[in-house]
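Engineer: First, the structure itself, so that you have it in front of you.
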Amino acid sequence: MSRHSDPTGALLLGIGAGIWTFFKGFRVFREFKIVADTPCMPIRSLPMGLVQMRGTARSEKLIPSPITHTPCCFYQVKIEHYKSNGRSGSWQHYRTDLDGSKFYLQDQTGKVLIDSYSAEYDLPASPPRVVDGAHPSVAVGDGASDQELLQYIETAGTHQFANKIEHWLENKGPLEDPKKEQSRQTLLQMIRVIPNTAAEGGKIPTELVERIMTTHPLDDPEKEQQRQTFLQHIRETGSLPTQLHVSTASGRYRLRESLILPGEEYHVTGTCVENANARDAHDQNMIVQGHSEKTFLISWKPERQVQQDLRKRAIGLILGGAALTLVCLALLLGHLGLY
């Protein structure tokens with residue numbers, strides 16, 4: 001006599017997933033309506049608040065992408081880990097890494113800074129790159145080797161974490177106390193360079209070392225002694241008082257990267273605010289995720305296709321969520337003998 005597991009738990013999970021998908025569809029539909037109802041404007045004419053624009057990506061300092069080493073304004077890498085239960089296995093999300101969240105968008109009328117922290121990215125993904133820690137292969141072409149990618153996987157997510165701290169520190173300033181403001185600025189600079197110190201042997205840029213040296217002493221004698229020891233190590237070695245050693249990841253991984261490339265056009269919907277760090281009269285505004293209106297979308301597609309894709313996605317989520325909920329509910333009622 002065979003024993004069958006009780007499907008009640010799975011059906012309840014299916015109902016919950018269906019309800020979540022259903023309401024997710026309405027959130028996406030709201031995003032579609034916002035994008036459709038917001039006019040696309042020249043950058044020079046952007047008002048404060050929710051705006052939509054199209055322009056060419058520019059950056060004063062391009063960064064190499066981790067997989068293909070392509071010079072870009074921004075990259076996002078999604079990493080999946082292959083997990084096996086012995087008989088079968090599947091790819092599961094492991095980590096997402098991104099860098100270069102600030103870049104410029106320029107059209108014929110002007111330019112605006114895009115602070116894409118917390119943005120939703122609609123960018124083309126590269127072909128998947130699979131690496132295996134047990135059998136790393138030799139690199140072919142200009143891209144990263146398997147060994148480099150396995151080391152990168154170990155530190156992936158550092159830039160995203162640093163971005164969170166950087167934005168938190170930026171939102172805290174400027175501070176009225178000159179000593180605290182100097183410390184805040186020093187911490188900001190450290191956060192911006194530390195994610196790259198591993199690739200440079202742990203060395204801190206000379207100008208940052210000099211800035212750390214000029215920080216004000218602490219009131220607590222014990223903490224001041226610890227600070228002096230920390231500063232002495234930096235003064236003598238030019239590096240942090242920890243030995244940076246990057247190990248390689250073990251297991252099998254699949255990586256895809258999405259890039260914002262200089263010279264390519266992108267469509268952006270976000271909130272326009274004043275740029276507190278403007279350099280000139282043509283750099284007064286900045287596009288961010290708003291506090292009240294969270295819609296912030298960066299897409300490589302034309303405006304009409306952006307709207308069509310959002311509409312199709314919303315309809316698919318609403319209908320799929322409703323269907324999943326009803327099917328699981330009918331099966332559950334039948335299983336319980338309630339109809």
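Engineer: Counting Lys +1, Arg +1, Asp -1, Glu -1, what net charge surrounds residue 317 among other residues with beta carbon under 13 Å of its beta carbon?
Structural biologist: +4
Engineer: Quick query: amide H of residue 109 versus all other amide H atoms, modeled in the peptide plane; which residues come in under 5 Å with a sequence gap of 5 or more or a different chain?
Structural biologist: For residue 109, the qualifying residues are 43, 44.
Engineer: With a ≥ b ≥ c the root eigenvalues of the C-alpha gyration tensor of the range 1-115, is it rounded (a/c under 1.5), prolate (a/b larger than b/c) or oblate?
Structural biologist: Taking the square roots of the gyration eigenvalues as a ≥ b ≥ c, the range 1-115 is oblate.
Engineer: Heavy-atom accessible area per residue, the range 287-339, 1.4 Å probe: how many Å²?
Structural biologist: 61
Engineer: Now for a different question. Taking θ = phi - 60°, what integer Hz values does the Karplus form 6.51 cos²θ - 1.76 cosθ + 1.60 yield along the range 331-339, in sequence order, with x for Gly and Pro?
Structural biologist: 5, 5, 4, x, 5, 7, x, 8, 7
Engineer: Same structure, new question: For every other residue with a beta carbon closer than 12 angstrom to the beta carbon of residue 251, add +1 if it is Lys or Arg and -1 if Asp or Glu, then tell me the sum.
Structural biologist: 0
Engineer: Which whole-Hz ³J(HN,Hα) couplings does the range 41-52 yield from phi under the Karplus relation 6.51 cos²θ - 1.76 cosθ + 1.60, θ = phi - 60°, glycine and proline marked x?
Structural biologist: Along the range 41-52, the couplings run 10, x, 4, 5, 9, 5, x, 5, x, 5, 9, 9 Hz.
Engineer: Could you pull out every residue, at least 5 positions away or on a different chain, whose amide H is within less than 5 Å of the one on residue 275? Hs are placed 1.01 Å off N in the peptide plane, and Pro or chain starts have none.
Structural biologist: Residues meeting the criterion, in which the H sits 1.01 Å from N, are 285, 286.
Engineer: From the backbone phi of the range 145-158, what are the Karplus-calculated ³J(HN,Hα) couplings (6.51 cos²θ - 1.76 cosθ + 1.60, θ = phi - 60°) in whole Hz, Gly and Pro given as x?
Structural biologist: 6, 4, 5, 5, 5, 5, 6, 4, 4, 5, 10, 4, x, 4
Engineer: For 44, 311, give me the order by solvent-accessible area with a 1.4 Å probe, most accessible first, ignoring ligands, DNA and RNA.
Structural biologist: I get 44, 311, largest accessible area first.
Engineer: In terms of modelled amide H atoms, which long-range or inter-chain residues lie less than 5 Å from the amide H of residue 102?
Structural biologist: Sorted by chain and number, the residues that satisfy this are 116.
Engineer: Heavy-atom accessible area of residue 315 with all protein chains present, probe 1.4 Å, nearest 10 Å²?
Structural biologist: 70
Engineer: Where does the charge balance sit around residue 277 when Lys and Arg score +1, Asp and Glu -1, over other residues with C-beta under 11 Å from its C-beta?
Structural biologist: Taking every Cβ under 11 Å from that of residue 277, the sum is -2.
The values are calculated or read from the model by the stated rules, or taken from the named source; none is laboratory data. Quantities reported herein were computed from a predicted structural model and do not represent experimental measurements. All Cβ positions, glycine included, derive from the backbone under ideal geometry; neighbour counts span all protein chains shown. These accessible areas exclude ligands, DNA and RNA; they are computed on the full protein's heavy atoms, side chains included. Shrake-Rupley method; radii C 1.70, N 1.55, O 1.52, S 1.80 Å.
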